[in-house]
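Readers should treat all values here as calculations from the given coordinates under stated rules, not as data from a laboratory. Keep in mind the model is a prediction, meaning the values are calculated, not measured.
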Amino acid sequence: MATTDGWTMFATDARCYLEERVLNLRVVLVWLLVLVGVLVTTADPLSQLLGLAIITVLFILAFRLWDDLADLEHDRKHRPERCLTRVQNLWPFHALLWLTAAVVFNLLLLLAGEKRALCFLAMVAIFAVSYRLTEGRPALRPLRVLLVLAKYPTFVLLLADEPLDGSSVLVALGVFIPPLVDEVRSAGPDILLPAATFFVLVAIGWLSLKI
């Protein structure tokens, strides 16, 4: 009986979370933006449209949930109205996160091959370390927000046929800019300096790989 009650509570919490943080116009627009970026940088995208649409949805769901779980202590202080801050048992959300990430990994194997799937694992590891290094440090909050936004262009390059091609990099940066502008509007201009640094580092990294 307790198990049934626990799953019922999780279903209620999950529905609240999805309605609040995933099933809204802002996230749908981000999904469309990332999907367009993926389609533009992929050869013969129409033949893979359904698979690319599904993997993009799951990617955004997984990283949205990961961002919110990683940011939970901050939200409890500054966004206590959010559903996840009131959830008593979080392990089903962690299980859902890693289950979704595992599905994304396997879809990447099917759609893009083993090399891209392994790059996805490397990407997850890099974000995990970055989140840990910026956790609980208010001075690094703008950098942490930038890391959240950086996952969208990274995913585009992950699926791009030629990720080092100049056009692919420009498309990825184009995917990065609208969420950045939206974040500046809601959180203020503190993120602009780390964002400018990010653009410079991307340019330096791209040039060094092309030379």
Query raised in the report: Based on DSSP H runs of at least 4 residues, each adding -39500 (n - 2.57), what is the mean residue ellipticity at 222 nm of the chain after dividing by all its residues, to the nearest 500 deg cm²/dmol?
Result: -27000 deg cm²/dmol
Query raised in the report: Hey, of (1) 18.3; (2) 19.5; (3) 17.7, which did the structure itself give for Kirkwood radius over Cα pairs in Å when calculated?
Result: (1)
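Do you know the relative contact order of the chain, to the nearest whole percent, from alpha carbon pairs under 8 angstrom that are 6+ apart?
Relative contact order of the chain: 23 percent.
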Report summary line: A chain fully extended from Glu114 to Leu25 at 0.36 nm per residue, minus the present Cα-Cα distance, gains in nm 28.7 nm
